[in-house]
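In what follows, a single structure is set out as structure tokens and then discussed.
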Amino acid sequence: MDEELVQQAVRVPGTGRVPIRLHHRAHPAAWSDTTFACMGSTARLLVLGGPGDLPDRARLRLAGLEARWSRFVPTSELCRLNAAAGAPVVVSADTFSVIELALSAWHATAGRFDPTVLDALEAAGYDRSFDEIDGALPHGSSSGARLFSTATPGCAAIELDRLVSAVRLAPGLRLDLGGIGKGRAADLLAAELLEAGADGVCVNLGGDVRVEGTPPEPAGWRVDVDPTLTDGCEPARAFRLGAGGVATSTRARRAWTRAGVRQHHLIDPVTSRPAWNGLATVTVLAHSTAWAEILAKSAFVAGSAAAAELLGAHRVTGLLVHDDGRVEELPGLDAFHV
């Protein structure tokens, strides 16, 4: 059959993900291909087999997770937790699990992945959805003076009670679950669709991609990372995966100007300011999308001198695009070349 090429290239508020292109061979009777708005981005699902209502179930599932995890939904569990002023809050199992994962990631990356960056994000200007920011705040805005110059709080003062699924944040501490939330949602949804009867699944949440099960081609799932947001210094790359996740962190998207200073959404926990550590983009391939997201962001924050070592220590591979345009393929990436 003729190969069908479907391209997604959307603005993804709050994620900094690059567009993803997914190649698959058409199976008119078996494949469903669904696209819809979700989590401030565009979600795309490729599902092979299973009940015909799986795409509708997936849409509802993602909407439910967004209602719990978004900092832009005032009634979300995250907003309720952030407003609790130090009191313990009982949350759903989904919310408890993503916060527990975020704490594990903070420890595993020596604090480079830090969910306690919300105050710093807002101080830099990311205090509304990116569509509302619309690329720039007024030049010379005095609000830029709010930028912090001290480290983020970190996760040491977060308490988890697994018995009742309760979370307690120290007074004044607030969480952001934007990136890890998308990665975790992609992982959950892929597993749940397979359990519900699908033979193969690709979940793409604004560039956070998870593939599992029977692929559309015998050689596996092909994912093209389109680096149009890396200042044109990196050609398109295609990877072939049997299963797992892909995520990209880049300063070339989710960027704006505040008080005449260029800002982006990837905060360095050491300074509480956008990270300018020598990297433009980091792409990571990992066993799960959540960990690909965690490690891509951590490597970006670690910077050009330490990113490769950090990713190697976690036994994942990927691609670094340095500020000077140099492209660095990490050990093991050649095994995933198309």
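Since every read-out is calculated from the coordinates, none of them should be taken as a lab result. The structure displayed is predicted, hence computed values, not measured ones. Virtual Cβ from ideal backbone geometry, glycine too; neighbours counted across all protein chains shown.
Show me the ranking of peptides 293-301, 96-104 by mean Cβ neighbours inside 10 Å, starting with the highest. Write down the numbers at each step before the final one.
Values: 293-301: 29.3, 96-104: 19.2.
Descending mean neighbour count gives 293-301, 96-104.
Residue-wise HN-Hα couplings along the range 272-283, as the Karplus relation 6.51 cos²θ - 1.76 cosθ + 1.60 with θ = phi - 60° gives them from phi, are 6, 10, x, 7, 10, 10, x, 10, 9, 8, 10, 10 Hz; Gly and Pro carry x.
Order the peptides 163-174, 211-222 from the highest to the lowest mean number of other Cβ atoms within 10 Å of their residues. Please report the intermediate quantities before stating the final value.
On the way: 163-174: 15.7, 211-222: 18.2.
By packing density, highest mean first, the sequence is 211-222, 163-174.
Once backbone amide H atoms are built at 1.01 Å from N, Gly244 has Val211 as its partners under 5 Å, excluding neighbours fewer than 5 places away on the same chain.
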